[in-house]
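J.: One structure is given below, represented as structure tokens, and several questions about it will come after.
The values are calculated or read from the model by the stated rules, or taken from the named source; none is laboratory data. Bear in mind the structure is a predicted one, so any value in this text is a computation, not a measurement. Cβ placement follows ideal geometry from the backbone for every residue including glycine, while neighbour counts extend to all protein chains displayed. Only protein heavy atoms, including side chains, enter the accessible area calculation; ligands, DNA and RNA are left aside. Shrake-Rupley method; radii C 1.70, N 1.55, O 1.52, S 1.80 Å.
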Amino acid sequence: MQTAKSKQVCLGIETTADDFGVGILDFEGNVLSNVSNAFIPDRGGIHPREAARHHAVVAGDVISLAIQKANIWTEDIAVVAFSQGPGLGPCLRTGATAARALAAYCEVPLVGVNHCIAHIEIGKLTTEAQDPVTLYVSGGNTMVSAFDAGRYRVFGETLDIAVGNCLDVFAREVGLRSDGVPLGAVVEQLSRRGKEFLDLPYSVKGMDLSFSGLLTAAISLYRKGTVDLENLCYSLQETVFSMLAEVTERALAHVEKREVLLTGGVAANKRLQEMLKAVADEHDSLFCGVPKEYALDNGAMIAWTGILKFKEGLTTPLAESFVRLKWRLDDEDARWAARNVG
Amino acid sequence: MKMHGGLQEMLVRKGAEASLFLEEWQGNQVILKHRIPKKYRHPQIDGRIRSYRTLHESQLLHEAKVAGVPTPVIFSVDLHESKILMEFIEGPRVKELLITLSLEARTLLCRQIGRMIGCLHKNHIIHGDLTTSNMILTGDGRVVFLDFGLGEKTAALESRGVDLHLMKRAFQSTHFRIAETCFAAILEGYVDVLGKILANRVVKKIREIELRGRYISGRSEHEH
Ligand SMILES: Nc1ncnc2c1ncn2[C@@H]1O[C@H](COP(=O)(O)OP(=O)(O)OP(=O)(O)O)[C@@H](O)[C@H]1O
Ligand SMILES: Nc1ncnc2c1ncn2[C@@H]1O[C@H](COP(=O)(O)OP(=O)(O)O)[C@@H](O)[C@H]1O
Ligand SMILES: [Mg+2]
């Protein structure tokens, strides 16, 4: 039953990679629904075109389900947000097309959202962090960022592959199967039984990182057949996460903030959480781990960031709603985020 | 500090990696840089990193000086404890100084920094952590370079590109309003020392590093 004044909600669509996610939030930041349908490839990594085809097929159903679960009418939708980039072209385009169609149907404005910024904003909403240094680690991204003078700034990032990608490729190369669980989680389980530490290349450059040399070394160590896989998983994790902890610590010491936010798919890892908590403790800062549902790619983060931008009057005209494959988070004036800082 | 016990000492700075103490040693003011153990990482990684970087830093500080780039004089090194005792450099850090300067003075300073980076690279030294907090301007107008723990000895184009890319990003994240003019001046100084041809190849490399689609190439490289 609708009251005279309907609720105002934002529907957000996330399609940067293998997930088609839809989230609905009201303007106070209550998550009314957050639904996702993942493309699961038969083998190997993501194939952008196949994933995009999957997204196009499920789009209608996922949007309907999200609306139904949120218990709203389409008239309640005051704004439609979508992930505009960075991401895989075909996947982004499918989401943008769905968002344009929905916005036109509802006759409401469209807001294009930066995927990386959305990860930070939903992290802040769900952990109540005000102004954190964020470590965002996933299959496609590895970066340390913080807000400063009107923008999210990148302090460090990978110079080659993303850390989740590094773990996944390693897992696949040593023959691990996923059975529905992410490969990174399989590596985590095995690493718990590791005892002996094996030396692997450690590569930190300033606040940037490089993983490909380490990945190659770990795989070739395995192929020699003389090392125990549990020990190798353990050593890989210890090395990779020490690198992440170090650059986060460097950024934290540099910008002197009081919170450390951990998000992205790899944030589910207990050992990484433990290390970052120790880093935060050492610098009298608060560790804020984003709950899994909101650390993975999700529609809610797009909807929430859409609301923040919409409230600032930042909407995206149709003519500017083209997807931005390599959109960097420091390319955007994030003036809505200035409110909490200081 | 056991190494030079009994003397007056003062914590001047707790960096991410190291704690720095201002001490008196044989009548001089000196800096003690101590890389402290990190409890969060495996002791083997921790030990390896700290002693490796201490050794490396002391060697590169010396080699940079030989190459004509001002660095603090090293008095002693303790690899076991990961401590370096070095000359205390008096003066403001470029990080704090930069915003107080006029455009003209800033450009001159950045050109000088660029020439010094050129000297390092020409002598196959990569600094590894080029930020404005690792440079001090002394009373006699020299820019002293600090913090070589992440450096390496190589002439590889990739390493030179990454080194300058880090410098550029340090400006973008910390001095964003003046980043462009500053970095342009740094490149001018760099070209002066390395020559147009070589410097241009490095500049191209920087662009390549920036354009590397981390998102897409990262995935496709290993997955198709
Ligand atoms: N427990 C875990 N430990 C380590 N890695 C994990 C764990 N659980 C998941 N991962 C990794 O997280 C990654 C997936 O993260 P996410 O779902 O955020 O991915 P994405 O689609 O790559 O995201 P983005 O578009 O934000 O880059 C995979 O690389 C997966 O192996
Ligand atoms: N020899 C020195 N003389 C004066 N100040 C120094 C000296 N060495 C370091 N410092 C100060 O300490 C800070 C941190 O030192 P640095 O060697 O860069 O360590 P870190 O690796 O922790 O950044 C520098 O930014 C500088 O302000
Ligand atoms: Mg330093």
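J.: I'd like the antiparallel share, as a percent to the nearest 5, of DSSP beta bridges with both residues in segment A:1-134. Don't skip to the answer; put the middle values down first.
T.: On the way: 13 of 23 bridges.
In segment A:1-134, DSSP labels about 55 percent of beta bridges as antiparallel.
J.: For segment A:127-195, which trypsin sites (Lys or Arg not before Pro) pass both filters: DSSP loop (anything but H, G, I, E, B) and at most 16 other C-beta atoms within 10 Å? Mind showing how you got there, number by number?
T.: On the way: sites: A:R151, A:R153, A:R172, A:R177, A:R192, A:R193, A:K195; in loops: A:R177, A:R192, A:R193, A:K195.
Counting only loop positions with at most 16 other Cβ atoms within 10 Å, the trypsin sites (Lys or Arg not before Pro) in segment A:127-195 are A:R177, A:R192, A:R193, A:K195.
J.: Give me the percent relative contact order of segment A:203-342, please, defined on Cα pairs under 8 angstrom at least 6 residues apart. Before the final figure, lay out the partial values.
T.: Values: 94 pairs, mean separation 24.4, N = 140.
Relative contact order for segment A:203-342 comes out at 17 percent.
J.: With a cap of 15 neighbouring Cβ atoms within 10 Å, and only residues DSSP puts in a loop, list the trypsin sites (Lys or Arg not before Pro) found in segment B:130-164.
T.: Values: sites: B:R142, B:K153, B:R160; in loops: B:R142.
Here the sparse-neighbourhood loop sites are B:R142.
J.: Another question, then. Ranked from the most accessible area to the least, with a 1.4 Å probe and all protein chains present, what is the order of B:M10, B:M86? Display every interim value, and only then the final one.
T.: On the way: B:M10 100, B:M86 10 Å².
The ranking, largest first, comes out as B:M10, B:M86.
J.: Roughly what angle does helix B:43-66 make with the longest principal axis of chain B, taking Cα atoms, 0 to 90 degrees, to the nearest 10?
T.: Its long axis makes an angle of about 80 degrees.
J.: Pop out the ³J(HN,Hα) list for segment A:312-329 in order, Karplus 6.51 cos²θ - 1.76 cosθ + 1.60 with θ = phi - 60°, rounded to Hz; leave Gly and Pro as x.
T.: After applying 6.51 cos²θ - 1.76 cosθ + 1.60, I find 8, x, 9, 10, 10, x, 3, 5, 10, 8, 5, 7, 10, 4, 10, 4, 8, 6 Hz.
J.: Next question. With θ taken as phi - 60° and the coefficients 6.51, -1.76 and 1.60, list the Karplus ³J(HN,Hα) couplings across segment A:81-89 in order, rounded to whole Hz; mark glycine and proline as x.
T.: 10, 8, 6, 9, x, x, x, 7, x
J.: Pairing the Cα long axis of helix A:299-311 with the longest principal axis of chain A, what angle in degrees results, from 0 to 90 and rounded to the nearest 10?
T.: The answer is roughly 50 degrees.
J.: With the Cα gyration tensor of chain B giving a ≥ b ≥ c as the square roots of its eigenvalues, does the rule (a/c under 1.5 for rounded; else a/b larger than b/c for prolate; else oblate) give rounded, prolate or oblate?
T.: Values: a/c = 1.90, a/b = 1.30, b/c = 1.46.
Taking the square roots of the gyration eigenvalues as a ≥ b ≥ c, chain B is oblate.
J.: Give the ranking of A:D61, A:D76, B:D147 by solvent-accessible surface, highest area first, calculated with a 1.4 Å probe.
T.: Highest to lowest solvent-accessible surface, that is A:D61, B:D147, A:D76.
J.: Could you please state, rounded to a whole Å, how far the C-alpha centre of segment B:76-115 is from the C-alpha centre of segment A:101-120?
T.: After rounding, the separation between the Cα centres reads 46 Å.
J.: Testing the spin-label approximation: label points 7 Å from Cα along Cα→Cβ at B:T181 and B:E158. State their distance in nm.
T.: The two pseudo-label positions are separated by 3.7 nm.
J.: Counting other Cβ atoms within 10 Å of each Cβ, which GluC sites (Glu not before Pro) in segment A:122-202 have at most 10 and sit in a DSSP loop? Numbers along the way, then the final one.
T.: Working: sites: A:E128, A:E157, A:E173, A:E188, A:E196; in loops: A:E128, A:E196.
Those that pass, being in a loop and sparsely packed, are A:E128.
J.: How far, in nm, would the chain grow between A:D281 and A:E320 when pulled straight, counting 0.36 nm per residue and subtracting the alpha carbon separation? Each step should come with its number before you reach the end.
T.: On the way: separation 39, 0.36 × 39 = 14.04 nm, distance 4.34 nm.
Extending this stretch completely gives an extra 9.7 nm.
J.: Taking the inverse of the average 1/r across all pairs of different Cα atoms in chain A, what Kirkwood radius in Å do you get?
T.: Numbers: mean 1/r = 0.0488 Å⁻¹.
Final number for the Kirkwood radius of chain A is 20.5 Å.
J.: From the Cα gyration tensor of segment A:81-163, with a ≥ b ≥ c the square roots of its eigenvalues, which class applies: rounded if a/c is under 1.5, or else prolate if a/b is larger than b/c, or else oblate?
T.: Details: a/c = 2.60, a/b = 1.51, b/c = 1.72.
Oblate is the answer for segment A:81-163, as a/c is 1.5 or above yet b/c matches or exceeds a/b.
J.: Now for a different question. In straight Cα distance, which aspartates and glutamates are under 15 Å from A:K195, not counting same-chain residues fewer than 8 positions off?
T.: Here the aspartates and glutamates satisfying the reach criterion relative to A:K195 are A:D228, A:E230, A:E238.
J.: Along the Cα→Cβ direction, 7 angstrom out, place labels at A:E256 and B:Q26. What is the inter-label distance in nm?
T.: Once both label points are built, they end up 3.5 nm from each other.
J.: Mind checking the full-extension length gain between A:T226 and A:R339? Use 0.36 nm per residue of separation minus the Cα-Cα distance, one decimal, nm.
T.: Working: separation 113, 0.36 × 113 = 40.68 nm, distance 5.57 nm.
Full extension of this stretch gives 35.1 nm more.
J.: Something else about it: Roughly how many debye, to the nearest 20, is the charge dipole of segment B:2-87 about its Cα centre, given +1 on each Lys and Arg Cβ, -1 on each Asp and Glu Cβ, and no other charges?
T.: That gives a dipole near 480 debye.
J.: Compute the helix-to-body angle for B:196-211: its Cα long axis versus the longest principal axis of chain B, expressed 0 to 90° and rounded to tens.
T.: 90
J.: Once you have a ≥ b ≥ c as the square roots of the Cα gyration tensor eigenvalues for segment B:94-219, tell me rounded if a/c is under 1.5, and otherwise prolate or oblate according to whether a/b is larger than b/c. Kindly include the intermediate steps, with their values, before the conclusion.
T.: Working: a/c = 1.63, a/b = 1.37, b/c = 1.19.
Taking the square roots of the gyration eigenvalues as a ≥ b ≥ c, segment B:94-219 is prolate.
J.: Distance in nm between label sites at A:K292 and B:L108, each 7 Å beyond Cα in the beta-carbon direction?
T.: With each label point 7 Å from Cα toward Cβ, the separation is 6.1 nm.
J.: With a sphere of radius 13 Å drawn around the Cβ of B:D192, what net charge do the other residues whose Cβ falls strictly inside it have (Lys, Arg +1; Asp, Glu -1)?
T.: Numbers: positive: B:R111, B:R115, B:K122, B:K196; negative: B:E188.
It works out to a net charge of +3.
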